[in-house]
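Take a look at the structure below.
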Amino acid sequence: MNKSTLLLHLGLAKTGTATLQRALFLKHPQVHYLGKIVGVKNNTKEDCLDDTTYKILEPILWDLNNPMNTEATLSLFQDELLPTVSENRVLVGSWEDLAYKTVKDHIEMLNRSKAIFGDCRIMITLRNPLDLLPSLYLQNLREDFVWQNNDWMGYQSYADIEIWYKKRMRRTTTPLLSYSYCIQRSIELLGRENVGLFLFEELQENPKAYYKSVCEFMGIDSEIGISLAQDKHVNPRLSEEQLAYMRTIQSSLLRRSKNALRTNKSRRRSLRDKKNGPPAKATLTDHLIQEVSETSRDGHRWLAETLGLPLEKYGYPV
């Protein structure tokens, strides 16, 4: 593979993405990692490797509503970034939010990537949405409790999964369940051999085999990759005690008001003090199970029938 070829890992969220980013991509000696880099001292936008990397990637991955200056972006890539990439390293970028684009924006992102990097490959780990969405809901609860700047919860300290789903689905520019159709377009644009598809359920069943498959698709040493990633779990789950704490604050106007005046650091510390105990659990209501199943079924059926993915085995709506 040409060293200028970009490999984009798109997520999805709650599929072990942070573990891949911090344990494998960032530390494997055969990877030149462009970001997302979390957990290390880094103030670059979108948690990119550095400001130069962000300037190159911003018009390719994020600023899709404005025309890209192809000549300037290509010059910056060839003159500033490419000379720093060793011949034996794979150019990798990973941002889970890239999995939540409209099909139109996804196609535009891939075309821009090809225009700059010559070739583009993508990899994505799928997870049964009936399991993924409750997990994502709990992650968003934690994030929005701390930051209190999200448009689905605002200054509330807790909201149930029905409210979260309803408000999250209003974001038509970042759809939750469009990934199957984006994968179809990716295969059409890049070729099946350049689209790596993996299942979170297989990671749960056999982590060693999962990481071996990921490394083989990437074209990097799998033994090193397995040693770096296996038995690592970067993002701890919200605990039942933390969830109960959020509900307690939400139950009182006075508590909510006081909590809103606290700093992000203070809110994060209060959650950390209650991290022990069993992990929190959330489930989709019967109504949401039906809606999510109806929304995702056709795409899953295409993936299963066309690509031979064992989605039915793991309970995906097909």
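The values are calculated or read from the model by the stated rules, or taken from the named source; none is laboratory data. Just so you know, these numbers come straight off a predicted model, no measurement behind them. Cβ: placed from backbone, ideal geometry, glycine included. Neighbour counts: every protein chain shown.
Number of residues in region 216-234 that are in contact (Cβ under 8 Å) with a residue 60 or more places away in the chain and touching a Ser or Thr at 6+ places or on another chain (Cβ under 8 Å): the value is 4.
Given (1) under 30 Å from LEU7 (Cα atoms); (2) in contact (Cβ under 8 Å) with a residue 60 or more places away in the chain; (3) of a type outside the set (Val, Ile, Thr); (4) touching a Leu at 6+ places or on another chain (Cβ under 8 Å), where does TYR210 come up short, assuming only one miss? Of (1) under 30 Å from LEU7 (Cα atoms); (2) in contact (Cβ under 8 Å) with a residue 60 or more places away in the chain; (3) of a type outside the set (Val, Ile, Thr); (4) touching a Leu at 6+ places or on another chain (Cβ under 8 Å), only one is false for TYR210: (2). The set of residues in region 119-138 that are closer than 18 Å to CYS182 by Cβ and more than 15 Å from the chain's Cα centre (by Cα) comprises CYS120, ARG121.
Taken together, LEU190, LEU228 contain a single residue that is surrounded by fewer than 18 Cβ atoms within 10 Å (Cβ to Cβ) and hydrophobic (A, V, I, L, M, F, W, C), which is LEU190.
Which residue is farthest from GLU240 (Cα to Cα), if the candidates are limited to region 151-166 and must be surrounded by 16 or more Cβ atoms within 10 Å (Cβ to Cβ) and modelled with pLDDT under 90? Before the answer, list the steps.
Going through region 151-166, the residues surrounded by 16 or more Cβ atoms within 10 Å (Cβ to Cβ) turn out to be 152-153, 156-159, 161, 164-165.
Filter once more, so that each one left must be modelled with pLDDT under 90: 152-153, 156-157.
Details: TRP152: 22, MET153: 19, GLN156: 18, SER157: 15 Å.
The qualifying residue farthest from GLU240 (Cα to Cα) is TRP152.
Checked across region 168-184, the condition of being modelled with pLDDT under 95, under 16 Å from LEU136 (Cβ atoms) and not in a loop (DSSP other than H, G, I, E, B) holds for at least one residue. Go through region 144-203 residue by residue and tally those that are over 30 Å from VAL92 (Cβ atoms) and among the small types (Gly, Ala, Ser). Within region 144-203, residues that are over 30 Å from VAL92 (Cβ atoms) and among the small types (Gly, Ala, Ser) number 3. Among the residues making up region 29-51, those that are crowded, with 22+ Cβ neighbours inside 10 Å and part of a loop (DSSP other than H, G, I, E, B) are LEU34, LYS36.
Do any residues in region 295-318 that are hydroxyl-bearing (Ser, Thr, Tyr) have Cβ atoms under 6 Å from those of residues that are surrounded by 17 or more Cβ atoms within 10 Å (Cβ to Cβ), where the two are at least six apart or on different chains, and which pairs are they? What qualifies is THR295/LEU177; SER296/PRO129; SER296/LEU177; SER296/PRO317; TYR314/ASN128; TYR314/GLU201; TYR316/ASN128; TYR316/HIS300. Every listed requirement among (1) crowded, with 22+ Cβ neighbours inside 10 Å; (2) modelled with pLDDT under 95; (3) of a type outside the set (A, V, I, L, M) is met by ARG121 save one, (2).
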